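Nothing in this text is a laboratory measurement; each read-out follows from the coordinates by a stated rule. Quantities reported herein were computed from a predicted structural model and do not represent experimental measurements.
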Amino acid sequence: MAAADPEAQVKACYSTWADTYHADYFGPQAAYPPVHRDLVVRLVRESGARSLLDAGCGPATFLREFAGPGMDLYGFDLTPEMVAEARRVLGEKGVDPNNIWQGSVTNADSYRTAGNPAFDAAICIGVLPHVPEEADHVVIANLRECVRPGGLVVVEARNQLFALFTLNRYSYDLFVQELIGNARSPTAPDPDALQGALAELRTRFRMDLPPIRKGKEGEPGYDEVLSRAHNPLLLSRAFTGAGFTNVRTLFYHFHCFPPMLQSRFPEFFRAESLAREQPEDWRGYFMASAFLVAGERA
């Protein structure tokens, strides 16, 4: 990403989505059912939480699922337009607009409110892809500190290992950047020979897929701002290292075939993929495009 300020680019990217984001991704016409919504709701309900913070709440996509007696709801988002929409949606459900504010997941002060110093549970959905790699541990620590001991934290991330199944430009990037990397032995061949090998490797993948997602009204699109994938093995390890217990990795948005084949039989592809939605299936490491990591503060 060319921009020096990733957060500024992310705010620009999401600035025109506030009114349509929920319908586009969670409504009846969404390209794929939001199966992770049920996962998140179940995890929070089963934890017995009575207070919930959504760090990066967007237009209250998840908070609206918990609105009602018995649950105190709070949230913040980086984008002012999203904050305004979340306040509108939750205000209609009786939530105090002051419970929603503007903030950044990398800033510890954004997690605190005067009336609720520790939450029973905190979620962070759709945010980690936009966080620089060096700030992952900061976000995880902030989430840990904002919940009480025994409190639940759930984060969502794009699955980097899914690229081993997609056979597209993401696969090539994973091979070159994460698996092959730099030469480690003194017997490395001539640089031109290495470049030739990588050029041959490129021919094995569909480098034109997936299409670059552009913005709607001149703002940068999702693929034009920082939008990383995470290795589920490493993210769960980071949770454990940060002082969480009962750490679980739960996969969602399974793909029954590599996505490039979806157009051959779209109805079967959708139905078969949904039939494979088993969050704890080991195949999720490779066949699911996203995952949740859930843990409890020790």
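Summary table below
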read-out: Inter-centroid distance (Cα atoms) of the stretch 124-180 relative to the stretch 242-298, Å; value: 14
read-out: Within the chain, percent of DSSP bridges classed antiparallel, to nearest 5; value: 45
read-out: Vicinal HN-Hα couplings computed from phi for the stretch 213-229 (Karplus, 6.51 cos²θ - 1.76 cosθ + 1.60; Hz; Gly/Pro x); value: 7, 9, x, 7, 10, x, 6, x, x, 4, 7, 9, 10, 4, 8, 7, 9
read-out: For the chain, radius of gyration divided by Kirkwood radius, i.e. Rg to Rh on alpha-carbons; value: 0.98
read-out: Helix-only CD estimate at 222 nm, as mean residue ellipticity for the chain, using -39500 (n - 2.57) per DSSP H run (n ≥ 4); value: -9000 deg cm²/dmol
read-out: Relative contact order, percent, the chain [alpha-carbon distance under 8 Å, six or more residues apart]; value: 19
read-out: Hits among aspartates and glutamates - C-alpha to C-alpha of Lys216 under 19 Å, sequence gap 8 or more where chains match; value: Glu7, Asp19, Asp24, Glu81, Glu85, Glu224
read-out: Cα-based helix-to-principal-axis angle, 232-241 vs the chain, degrees rounded to 10; value: 50
read-out: The chain: angle of helix 266-275 to the longest principal axis, Cα-based, in degrees nearest 10; value: 60
read-out: 0 to 90° range, to nearest 10: angle between helix 80-91 axis and the chain longest Cα axis; value: 40
read-out: Inter-centroid distance (Cα atoms) of the stretch 1-53 relative to the stretch 79-119, Å; value: 14
